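Peer 1: Quick one: the structure is below, questions incoming.
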Amino acid sequence: MPDVPHVFDLLPDGASIADGVLVVGGVRATDLAERFGTPLVVYDEATLRNQARAYRAAAPDALVAYGTKAFPSVAVLRLFAEEGLGADVSTAGELAFALRAGLDGRRLVVHGNNKEDELLRGAAEAGALVVLDSLDELERARGAGVERFLVRVTPGIEADTHEAVKTAHHGSKFGLPPDDAAELVRRLPSCEGLHVHVGSQLMHFGASLMTVDWVAQFAARLRSELDWTPRLVDLGGGLGVRHVVEEPSFTIEEFVGGLVGELRRAWHLQQLPEAQLALEPGRSLVSRAGITLYTVGGVKRASAATTYVTVDGGMSDNPRPAMYNARYAAVLASRADAEPDGAFAIAGKHCESGDVLIERVELPRPRRGDILAVPVTGAYTLAMSSTYNAVPRPAAVLVAGGDARLIRRRETVDDLLALESD
């Protein structure tokens with residue numbers, strides 16, 4: 001790749017520049033925008049497969065279940081299944097996606113702090129592993145025919161991440177306090193194991209390693225009190241990704257290698273019998289594989305310090321900046337090798353002052369009709385999208401080897417009107 005700003009380090013594995021235009025998976029971004037329209041989320045198949053293979057290589061004997069909530073897609077689930085991955089689902093809808101993709105119960109983990117009866121029945125029919133999240137859920141799950149269980153325990157560990165994505169602290173809505181988790185294991189001695197998830201978008205090892213040590217001590221307690229030891233330990237997901245070059249990052253090999261090593265050490269220290277490992281990565285599998293393409297509408301100087309570049313999407317297709325103060329970078333895909341000549345704010349089209357995708361990014365001066373690419377948008381963008389201001393949701397395509405395949409069609413206003421009842 002030519003000598004261009006480091007923002008290109010954020011792009012998918014299959015990205016390059018040809019004749020000044022950003023190319024993903026062998027397809028020019030401008031051609032994708034012309035063929036499929038914008039906003040458009042472009043997934044690079046090579047990156048998806050490489051990320052999946054990295055998890056399999058780092059933990060060959062583990063059950064690796066893709067966190068479907070990051071981007072529910074039958075095509076992506078099928079691709080990951082080809083690479084040996086399963087799926088982690090938390091609603092009847094997500095379970096339907098996984099089943100449509102051809103996954104069977106041996107590779108399905110079912111979550112949810114308020115599982116609907118439909119989800120429990122579907123999990124039972126599929127033979128999936130159900131993660132119990134409350135004391136009273138056991139009888140409902142048994143009544144639905146579920147036979148395979150994990151117990152989710154909340155260790156009271158604060159992850160160094162955004163408050164909205166911490167999940168293992170005291171008072172979390174997820175999982176059970178240790179005494180209640182122990183009671184659930186007492187009622188269910190056939191339980192296969194334990195589940196714990198400390199949080200998402202983790203950019204540091206500390207909380208994850210503390211959680212592994214805590215789980216080992218808790219398992220030793222259950223062995224002493226109940227003569228029970230887990231056959232499977234699910235450490236959830238959580239590996240973060242960098243969205244701007246200034247953020248730190250870990251490779252999958254580093255993160256999973258650290259977890260595996262600490263699990264072995266902690267289990268040996270407690271003299272526990274070996275247990276299978278399960279992991280539930282989501283963001284780290286799909287984020288960097290995705291780029292969102294927008295068409296520039298206009299450029300407006302708002303003050304001496306701020307010039308807005310308006311695009312044809314915004315918080316309806318990527319709510320993370322408004323919800324989490326998430327930061328993003330951008331590339332002017334139609335002039336990708338041009339030198340930056342100014343700093344701009346990227347604003348969405350919605351009727352909210354908070355609809356600003358990027359507060360400040362250096363770019364060649366954009367012009368109406370230019371294609372702007374925002375990298376690392378493969379996770380929790382379309383998955384959390386809305387139709388605010390009656391704006392239909394974008395399409396998504398999968399690119400590889402110079403070909404582009406539509407994997408999610410663009411919604412239309414007629415789709416939205418079809419939901420209305422006069």
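The values are calculated or read from the model by the stated rules, or taken from the named source; none is laboratory data. Because the structure is a prediction, the values reported are computed rather than measured. Here Cβ is always computed from backbone atoms with ideal geometry, including for glycine, and neighbour counts include all displayed protein chains. Note: areas computed on protein heavy atoms with side chains; ligands, DNA, RNA excluded. Shrake-Rupley method; radii C 1.70, N 1.55, O 1.52, S 1.80 Å.
Peer 1: Please work out which residue is surrounded by the fewest Cβ atoms within 10 Å (Cβ to Cβ), limiting yourself to the range 256-270 and to residues that are out of contact with any Asp or Glu (no Cβ under 7 Å at 6 or more places or on another chain) and small (Gly, Ala, Ser).
Peer 2: Across the range 256-270, the extreme among qualifying residues is GLY261.
Peer 1: Specify which of the listed residues (ASP13, ASP9) is part of a loop (DSSP other than H, G, I, E, B) and among the charged types (D, E, K, R).
Peer 2: Values: ASP9 fails: part of a loop (DSSP other than H, G, I, E, B).
Residue meeting the stated conditions: ASP13.
Peer 1: VAL89 versus (1) β-branched (Val, Ile, Thr); (2) at pLDDT below 95; (3) in contact with a Pro (Cβ under 9 Å, 6 or more places away or on another chain): which is the lone unmet condition?
Peer 2: In the conditions (1) β-branched (Val, Ile, Thr); (2) at pLDDT below 95; (3) in contact with a Pro (Cβ under 9 Å, 6 or more places away or on another chain), VAL89 misses (2) alone.
Peer 1: Related question: Take the range 112-147 and flag every residue that is in contact with an Asp or Glu (Cβ under 6 Å, 6 or more places away or on another chain) and part of a helix (DSSP H, G or I).
Peer 2: None - no residue of the range 112-147 is in contact with an Asp or Glu (Cβ under 6 Å, 6 or more places away or on another chain) and part of a helix (DSSP H, G or I), so the list stays empty.
Peer 1: Something else: Run down ALA326, ALA305, ALA278, ALA322 and say which single residue is touching a Leu at 6+ places or on another chain (Cβ under 6 Å) and of a type outside the set (Lys, Arg).
Peer 2: Working: ALA326 fails: touching a Leu at 6+ places or on another chain (Cβ under 6 Å); ALA305 fails: touching a Leu at 6+ places or on another chain (Cβ under 6 Å); ALA322 fails: touching a Leu at 6+ places or on another chain (Cβ under 6 Å).
The unique qualifying residue is ALA278.
Peer 1: Within the set of pairs 6 or more residues apart or between chains, which connect a residue that is over 18 Å from GLY402 (Cα atoms) and at pLDDT 95 or above inside the range 35-61 to a residue that is of a type in the set (Asp, Glu) and not in a helix (DSSP H, G or I) with Cβ atoms less than 8 Å apart?
Peer 2: Between residues of the range 35-61 that are over 18 Å from GLY402 (Cα atoms) and at pLDDT 95 or above and residues that are of a type in the set (Asp, Glu) and not in a helix (DSSP H, G or I), the close pairs are THR38/ASP312; PRO39/ASP312; PRO39/ASP317; ALA52/GLU83; ARG53/GLU83; ARG56/GLU83.
Peer 1: Please tell me if ASP44 is acidic (Asp, Glu) and open to solvent by less than 30 Å² (accessible area, probe 1.4 Å). Please lay out each step first, then the result.
Peer 2: Numbers: acidic (Asp, Glu): yes; open to solvent by less than 30 Å² (accessible area, probe 1.4 Å): yes.
When the stated conditions are applied, ASP44 passes them.
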